[in-house]
Amino acid sequence: MSTFNFKDIAKQIGEALPERLRGRKLGQRYSAALQAYVREQATVDILEFDLHDAPMMDVSFMDEVFGGFAETRGRGDLAGSALLLIQLSDYDRDDIERVLSGRPGYVVGLRNCVLPYRSSSGIGLLGKTEDYVAQTFALLQKNGTLTTADLMEQLDLANNTASTRLKVLYDLGLARRQNHLGSRGYVYLALE
């Protein structure tokens, strides 16, 4: 696990972190840097994006950074570590939720636009997911680990359906995975 913040992203693009993060143009630069950072950290299971001391962000900036990130991941165009938002203010959480939930309504073919976050009550999801994604995520968080066989048994699913559900969680950055000892499959692990 590794933690970073907006100061690290600003440093990556060679700029000082402004007092206010505003506008789509700036958001696009930060989004590109954030996606590059996640790709570069592929060996880290979870990247914690700490928003505790984040400057004030407008909704256009948030849409580009968080919406753009979740959309790219939802399309399957961004592999890498799970990105876990931490230390969100209630205002930022509500605005990011609105941004992510709205995107599938105007982006053709986008069914899941979601980011995980940590709060005092545990790991939750911001944004919009298909029902089976939310169901599988909740089951994984409850159990801590799942294999395809576990999911088949618990939800009475076919092998390929259970396997696909778990892979979708991993691809969306909502789960970690390790090789399953003695098998060619994976053990999927909850975000912690």
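At-a-glance table
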| item | result |
| --- | --- |
| Relative contact order for the chain, counting Cα pairs under 8 Å that sit 6 or more residues apart, in percent | 18 percent |
| Those trypsin sites (Lys or Arg not before Pro) in segment 81-135 that DSSP places in a loop and that have at most 15 other beta carbons within 10 Å | ARG111 |
| Lysine pairs meeting the criterion (Cα under 18 Å, 8 or more apart or interchain), as found in the chain | 4 |
| Calculated Rg and Dmax of segment 40-115 using C-alpha coordinates, Å | 12.6, 35 |
| Whole-Å distance, taken between Cα centres, linking segment 1-28 and segment 121-192 | 32 Å |
| Residue-normalised accessible area of segment 1-129, expressed per residue, 1.4 Å probe, Å² | 49 Å² |
| The chain - Rg over Rh from alpha carbon coordinates, Kirkwood radius | 0.98 |
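The values are calculated or read from the model by the stated rules, or taken from the named source; none is laboratory data. Being a predicted model, the structure only gives us computed values, none of them experimental. All Cβ positions, even for glycine, are placed from backbone atoms using ideal geometry, and neighbour counts span all protein chains on display. These accessible areas exclude ligands, DNA and RNA; they are computed on the full protein's heavy atoms, side chains included. Shrake-Rupley method; radii C 1.70, N 1.55, O 1.52, S 1.80 Å.
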